[in-house]
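Each value in this text was obtained by applying a stated rule to the coordinates, not by laboratory testing. These figures come from a predicted structure and were not determined experimentally.
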Amino acid sequence: MFKRRENEPEYALLNDPVSQPVNRYGKPIETAPEGDPLREQPFVINDEELPPQNPNRYKQHGFYFNADNCIACHACEAACSEKNEVPAHLAFRSVGFVEGGSYPDYRRINISMACNHCDNPVCLKGCPTRAYTKFAEYGAVLQDPDICFGCGYCTWVCPYNAPQLDPVKGQVSKCNMCVDRLEVGLKPACVSACLGKALDFGVIENIPEGRVQAETEIPGFPRTDITHPNIRFQQMKSIQREMRRVDETPIKYHRSEDEKHYEPELDPKKGYRREWNWKKLLGSHENAHIAFTLSVQTVMGAFALLLLGGWFGIEPIQAYRESSAFLPTLWLMVALMGFGLFKLNMHLGKPHRFYRGFNNLRLSPVSREIAGVSAFFAGLTGYSLFSLFDGGWATALANLMAVVALAGLGFGGYFMYKLYRIPARPFWNHWQTGTSFAGTGITLGSLLIGLLAMAFGVFDDRLGRLLSGLAAGGLSLEAIGLVFHARKMSHARSEGAASWYEQTTTYGKPWWLRNGLLAGSALLAFWLAVSGTNPWLFGLLALTALASAIIGRALFYVLVIPTTMPGAFFWRNKGFVEHAREVGLADMPQMGVAYERHHPFRIDELMQTLRETSLRDMIGHVRWVLTGKAS
C-alpha cells in the first residue's frame, strides 16, 4: 500500500466533503449504494487488502483540467512515469497542444490527458481477454497487462489514446488512477506534481475551489458521446476561431456557429501532391491483418460457393464437386485458412497466449470473431476429412461439419465486419467495410475455384462463365461501397476527412491504381461472363483482381486516422516516430520512440506455459469463460 507522508502538502490531498447524486449524463455518481454486494468484495491493491479508508471510495472520481493554467512543463508526465515505472517510449499521461493565429496574435492551448475512466469504457467491452475491469471503487477502469495478449484492439476503440501498446513487451498498459494514493486520501501523482494547478482530481462534477467551469469539451478533445469520459474542463481565455494541430495529423478545429464548440475539419498541411509511398503502404504493422482477412474471406467465399452450389443443384458446381479437383481444393482451402490464422496469431504481442481470445464472448466483437472463424475452420477441416471416406456415416458427419462451418462463416464473418465499426475511427465506421469484405469473399473465392479448376484440367466454358459472373458481382459490390464511402469521407467533418486526404495525396497513386484495377477487373469479368471465357483471360482477371484486393486492403489499414488527442512537434507525433525509426533516432531512449520488437513465437515459452497450466487450471479457465465465475 502507498505510504502517506506526515507532511503531505494541502494541494495533494483529496477534499470532497459532498457530492452530487448523478452526473451530467444521468448516471449515479455513487457506484455501489449501501448494502450492495460489491462493497463486501475485497479491494486488493499491490497484493495488499485493507479495509476502506477513503469515505468516497464508492463514488465515481475523475480529472479536472484548467487549460488556462497549463504551461506545458510536462511535470505531470514525469510524475506519472516515475511512479508507475513507465518506459521512455510510453506515457500514461501526455501533453499536447493546438495553436491558432500568427504573430503578434498567436494563441495556444496545452492539453494534458490520461485515461478518463469513462462511464462506458469501450476498451473494456472490446478487449477479448477481459484484461479490463471497471471497479466500483472510485469508478476506476483498470487493466492487467499480465492478462493482455497484445492484440491492441483497445487502442483502436479508445477515442483518447489512453491504452498504450508497448512495441517492446507486446502488451498494453494504461493509467490506473493511482488508486493506491486515493486509498490514503491523496490525489494522483500527476495532479500533485502540476506546477500551475491546471490539473485537479476528485468526485466527478465537483468543481474545484477557485474554478467556475466544468465543461466536457475543449478544442482538440475528441467527441464525448462514445464513452462519456470522466473529465471536466475550464478554458476561459479567448482563442482563435481556428486552432491547428502541430503534429502530422491533417486536422484543425473550427469554432461552430453556436460559438461554443470546436469541430474537426481537414487541414491540408502537406499540399495535394500525389505520391506512391509503396514502402509505407506495404510495410504497415497491420500486414498480418491484410493476410488474415484476405485469406479467410477468400476461403469463406469459395466454401460457400462449393457447398451451396452443390446443395441447390447448380450444374457447373456439381460437376466440379464430382471431379478430381474437389478434395484437393478443400485441403488447399484448409491450408490457406491455416496460413491466415497463423499470421494473425503471430501478430499478437504474446502469441502463445492466443487461447485468451475467447475470454470475452459476452461483450467483445473480437472474441466473437475469433469464435466464429475458429468454428468455420473446424467445420471446414472436419468436412474435408470426412469427404475422404465413402458411406452413409461419413456423409452424415461431413454434412454436420458443413453446417458447423456455415454457422461459423455467418457468425465470424459478421463480427469480422462489426469489429471495424468503431466510432473512434471514422474511416472504418461505414457500411462500405461490409461491402468490401463481402465483395472480396465473393470475388476471390470464385477466382480461387477457377484457378484450381484450370490446374486440374476441369475448367470449361460453363464454369468459367459462372465464376466470372460471380466475380463481376463481387467487384461491383465493392465498387458501389467505395463510391458511397468516397462521397461520405470527402465531405466529412471528422478524422475521416483527414483519411480521405491522405488517400488522395500520400497514397494517391496506389489509390488510383487500385481504382483502375478494380474497374478493369469488373469490366473484364462481365465480358467473360457474357461472351465466354478462356483460361488465359480468366488468369489475367484473377491477377488484376488479387492486385486490386491487396492494394485496397493495405489502404484500408494504413489510412485510418483515429480521434486521438493532439500531440506536439516530436512527442506523440506519428510522423516523427516514423522518421526516428528510419534514421536511427529510436536507438536513443530519450527520444521516446522504440522499434517494434514484439516477441516472436517461441516454442520454449509455449512449453513453459503448458507445464505451468494444469488440467484443473484449464477446466477452471473454460468455466470462467462460459460463466464468468472462478472455480
Give me the number: length gained by fully extending residue 388 to residue 209, i.e. 0.36 nm times residue separation minus the C-alpha to C-alpha distance, one decimal in nm.
56.7 nm
Please list, ordered by chain and number, the residues whose modelled amide H lies under 5 Å from the amide H of residue 186; skip anything fewer than 5 residues away on the same chain.
14
Using θ = phi - 60° and the Karplus form 6.51 cos²θ - 1.76 cosθ + 1.60, what ³J(HN,Hα) does each residue of the range 431-443 get, whole Hz, x for Gly and Pro?
5, 4, 4, x, 5, 5, 5, 5, x, 4, x, 5, 5
Can you compute 3J(HN,Hα) from phi for each residue in the range 492-497, using the Karplus curve 6.51 cos²θ - 1.76 cosθ + 1.60 with θ = phi - 60°, rounded to whole Hz and x for Gly and Pro?
6, 10, 6, 5, x, 5
Can you work out the Karplus-derived ³J(HN,Hα) for every residue in the range 530-540? Use 6.51 cos²θ - 1.76 cosθ + 1.60 with θ = phi - 60°, whole Hz, and x for glycine or proline.
8, 9, x, 10, 9, x, 5, 5, 5, x, 4
Relative to the present Cα-Cα distance, how much length would full extension add between residue 27 and residue 578 at 0.36 nm per residue of separation?
194.2 nm
So who's got an amide H within less than 5 Å of the one on residue 168, skipping anything under 5 residues away but keeping other chains? H placed 1.01 Å off N, in plane.
597
Take the cross-link list 169/280; 3/197; 269/509; 125/488; 125/260; 27/125 and give me the ones stretching past 21 Å between alpha-carbons.
169/280; 3/197; 125/488; 125/260
Taking the chain and counting helices only, DSSP H stretches of n ≥ 4 at -39,500 (n - 2.57) each over all residues, the nearest-500 ellipticity at 222 nm comes to -14500 deg cm²/dmol
Cut-off under 5 Å, modelled amide H: who pairs with residue 262 long-range
256
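Want the number for residue 34 to residue 403: 0.36 nm per residue separation, take away the alpha-carbon distance, what's left?
Gain in length upon complete extension: 127.8 nm.
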